[in-house]
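The values are calculated or read from the model by the stated rules, or taken from the named source; none is laboratory data. Bear in mind that the values here come from a model prediction, so they are computed numbers and not experimental data. A quick note on method: Cβ atoms are made from the backbone with ideal geometry, for glycine too, and the neighbour counts reach across all protein chains shown.
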Amino acid sequence: MTAEANSSPPPVPSRTAPPPVPPPEVAPPAASNGAFIEPLSIGDTASAAVRLYRRQFRTLFLMAVAAHLWLFVPVYGWAKFFVWSGAIARLVYNTAAGRPETWKTALRRVQSRKWGLLVVGTVVTATTIGLSFAALLALLGGVGVLTLFVGGMMGSLDGVIIGTAGSLLVLMTLTLVMGWISSRLVLVDIPLAVATQTNWRQSLARGWQVTGNAVWRVQAVVAVVALVLQPISFALLTLQSVLPLVSDAMLPGAEIESNSIFEMSWFVLGGSLLLPLVQGMRALLYYDLTRRRDGFDLNLDASAIAATSDSAPSPLLAPIELATPESIDLEFELAGIGRRACALAIDYLLWLLLLTFLILGWALASERITELLSHFVDDEFRLYPWLIAIQLLLGFAFYVGYFVSFETLDRGQTPGKRILGIRVIRDDGRPVRLPQAALRSLLRPLDDVLLSGLVGELFIVLTEREKRIGDWLAGTLVIRQERPSSDRRRIQLAPESQAIASHLVETAAIARLGPQDFAIIRTYLQRRKTLDPHARVARCRALAKQLCDRLGLDDLPENVSPQMFLEGVYRACQQQLPLRLQLQCRL
């Protein structure tokens, strides 16, 4: 039994004098196509940032170039850098919220806050530098104390073990503290760029507040984005090192490496390629955390308006329709590079673990094989190249076989894909078979290993169907796993809500609600414990009022709280709505 749904109906809150509820900075409407969009997962945040960047690449890239060029102008130029960066975040945020702006409008609205953004940036920079020095001093002090403590045992093994373990403990503690503080500061400038009537102090407070209960989520999203950016960063660093060598070979005496213009140009190019993705990730993370905290997406009226509009699907999603051989159209959602990168990392970790046992087994077996064959070969050293070749072939077969076996036997899912909720299918929607899985896996070294994975990532990032080379040649797609509509989080309802549900079913009033209304009510009941207390009260009252209007009620039933009323409506929807409609509003 939940705290909201106790055994006796709570008193009806007064409608004439509700407690003060601070409104959120911004209240975006629901998804623009009328479909209720669940909060973003960790991988989906990175995927959505990449999709928005791809669809607005020219605009966002040129804005990032302008931002970096301003960095060469002291003080005022630094403020302008934060203005252009904030405008990028604002564009992404408002696009996700369903109210896109032009870049000129976004820039004009952020322009007036340039000094506030500079102050916030200075505070974050100074805090980071100060914490770094403090961490360094703490590390040196901790190691010094440990050295004095184990000084009498330095010649023994116990002293070495204690000193090493203590140093690692100090380092881990400092890393955790630094990571926690950095996670709390990662969004402090975003409210100033996207919100209305917010100064730099409120922006600092808001950014710190939003990340309060989501430090692990912030760190996970940052880790996924770093994983996605790794191939691009590797390519940029490689080119920066290779281009001077190529220039020296082709144009002797050019000395491009010492050319400051080349260094500045490369800095602007590399930073401009990465800045929109980083800002987009931060804007979407702020958007998602405020949704989770304030629940502004739980709005029946906004959903109804969006459902009657002809606007395009939400830019955060990548829906796709496939025609089966039976001429049946199937709708799926692409997995996205964020989920795919996480799944691949998990699979590689598991593969490396299994490979370790394989290598140990082969090491033991090779000694026995060498001993047996030495009776038939004069020089046993001639066997070593053959054994190494066999080992390499077995390693490659194990590498390919890992993915082939799981994707074939588990309907397109490896352990990593299963954990992340994605799977591989054919272009016609049918499950993958051995030929498709084998071709994908044979081409995986080209996608995942060549240039540190840059080739495969570019194909996924730059194409609408988000296919790597192996997918194109094998005729496959990677989609999100379709999940059933049953509640993933159990909703606990008060027994008294059954009477409200029975009354609504008897009067047939519940038939006025649609599947999207049911989805929003269910999601509120699932998320109510995670909402901010003030936001939970405000959202509960707003939903109850909207439901009364939909059901033709002048007011809530007597002695029924808004919370109890929502539970009753949810029960009635479960009893009255056909299962087919409930499946349409799965989360």
Expected single match for more than 30 Å from Phe262 (Cβ to Cβ) and not in a loop (DSSP other than H, G, I, E, B) among Leu187, Leu176, Leu243, Leu237 is Leu176
Can you find a residue that is in contact with a helix residue (DSSP H, G or I) (Cβ under 9 Å, 6 or more places away or on another chain), modelled with pLDDT under 85 and assigned to a loop (DSSP other than H, G, I, E, B) anywhere in segment 361-376? yes
Would you confirm, using the coordinates I've provided, whether Ala501 is buried (at least 20 other Cβ atoms within 10 Å of the Cβ), over 30 Å from Gln209 (Cβ atoms) and in contact with a Lys or Arg (Cβ under 9 Å, 6 or more places away or on another chain)? yes
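Conditions tested, residue by residue: (1) among the small types (Gly, Ala, Ser); (2) buried (at least 19 other Cβ atoms within 10 Å of the Cβ); (3) in contact (Cβ under 8 Å) with a residue 12 or more places away in the chain; (4) assigned by TED's automatic domain parsing to the domain that holds Phe82.
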site	(1), (2), (3), (4)
Thr175	no, no, no, yes
Val188	no, yes, yes, yes
Ala193	yes, yes, yes, yes
Gln197	no, no, no, yes
Trp200	no, yes, yes, yes
Ala205	yes, no, no, yes
Which residues, taken from segment 466-488, are out of contact with any helix residue (DSSP H, G or I) (no Cβ under 8 Å at 6 or more places or on another chain) and either among the hydrophobic types (A, V, I, L, M, F, W, C) or modelled with pLDDT of 90 or more (or both)? Ile479
